[in-house]
1. Could you give me the residue pairs with C-beta distances under 8 Å whose first residue belongs to the range 53-68 and is without any contact (Cβ under 8 Å) to a residue 40 or more places away in the chain, whose second residue is of a type outside the set (S, T, N, Q) and part of a helix (DSSP H, G or I) wherever it lies, and which are 6+ apart or on separate chains?
2. Does any residue in the range 156-179 that is more than 14 Å from residue 78 (Cα to Cα) and touching a residue at least 12 places away in the same chain (Cβ under 8 Å) come within less than 8 Å, Cβ to Cβ, of a residue that is in a helix (DSSP H, G or I) and aromatic (Phe, Trp, Tyr) six or more places away or on a different chain, and which pairs are these?
3. Counting only residues that are in contact (Cβ under 8 Å) with a residue 60 or more places away in the chain and of a type outside the set (A, V, I, L, M), which one in the range 19-41 is nearest to the ligand (Cβ to nearest atom)?
4. Please verify whether residue 114 is within 17 Å of the chain's Cα centre (by Cα) and either of a type outside the set (Lys, Arg) or within 16 Å of the ligand (Cβ to nearest atom) (or both), treating the condition exactly as stated.
5. What is the residue count in the range 164-173 for residues that are more than 11 Å from the ligand (Cβ to nearest atom) and closer than 15 Å to residue 27 by Cα?
6. Just to verify a result, which residue in the range 43-75, among those that are among the aliphatic types (A, V, I, L, M) and closer than 15 Å to residue 24 by Cα, is nearest to the ligand (Cβ to nearest atom)?
7. Going by the structure shown, is residue 47 among the basic types (Lys, Arg) and surrounded by 15 or more Cβ atoms within 10 Å (Cβ to Cβ)?
Amino acid sequence: MLKKPVAIFISGFGSNLNVFLERKDLFESLFVVSSNHKAYGLKRAKRYLVPFAVLDPKIDWDQLDERLHQHKIDTLFCAGFMKIIPASFIEKWQGRLFNLHPSLLPKYKGLKAIERAFEAQDDIGVTIHHVSAEVDSGAPVLQKVAVSKENLPGLTLEEVRRQVQSLEHQLVAQWIDLFK
Ligand code: GRF
């Protein structure tokens, strides 16, 4: 049975979007929403012939909601989406709106999460969580350590970033496996 239609929200490179695109045939449909018309992720969507929408700088969330319903989208997955989602929109999608964050939430919410955990020489990891009105604060769905604090000494920030990104792709693939 095909998985329900999912919209992936991006703003940039889209390496996590690519995990969905590579598994496109598992889904009834995919739809990409980008807040940035220059996002490399849009090139990826075009390559896989997946429809996309580029949001205006001032996002019309009601119009977006309408568009998602037109595409019969059932669930939203934020993967590097750099805009704050208003509470009214979150309420409409409660329970069907997920986000990928590069830290072991609830620690290191917000931007530069990897850098801050690295600075603190703390455990570094990835979380996929429900989106709630407070940023990076919804219930976790999947969480895994990429590099434990014991293994940090001797690793550069770049090496840690690469391990985080690789774990993100694994966790997104795991989320897709869980998703009906
Ligand atoms: C990822 O690190 C994700 O956790 C964060 O933004 C980054 C997106 O990377 N929210 P990509 O665009 O999927 O490569």
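The values are calculated or read from the model by the stated rules, or taken from the named source; none is laboratory data. Note that the coordinates shown come from a computational prediction; the quantities given were computed from them, not determined experimentally. Neighbour counts are summed over all protein chains in view; Cβ atoms, including those assigned to glycine, are modelled from backbone coordinates with ideal geometry.
1. These pairs meet every condition: 53/64; 53/67; 54/42; 55/64; 61/89; 64/89; 65/89; 65/92.
2. 157/118; 160/118
3. 20
4. So residue 114 fits the description; yes.
5. Total meeting the criteria: 1.
6. In the first step, residues of the range 43-75 are kept if they are among the aliphatic types (A, V, I, L, M); the result is 45, 49-50, 53-55, 59, 64, 68, 73.
Within this subset, residues satisfying the condition of being closer than 15 Å to residue 24 by Cα are 45, 49-50, 73.
Details: 45: 12, 49: 20, 50: 15, 73: 19 Å.
Within the range 43-75, the match that is nearest to the ligand (Cβ to nearest atom) is 45.
7. Considered against the rule, which asks whether it is among the basic types (Lys, Arg) and surrounded by 15 or more Cβ atoms within 10 Å (Cβ to Cβ), residue 47 comes out as no.
For (1) exposed (fewer than 14 other Cβ atoms within 10 Å of the Cβ); (2) within 14 Å of residue 9 (Cα to Cα), each residue gets a yes or a no:
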{"site": "67", "(1), (2)": "no, yes"}
{"site": "70", "(1), (2)": "yes, no"}
{"site": "75", "(1), (2)": "no, yes"}
{"site": "106", "(1), (2)": "yes, no"}
{"site": "136", "(1), (2)": "no, no"}
{"site": "150", "(1), (2)": "yes, no"}
{"site": "163", "(1), (2)": "no, no"}
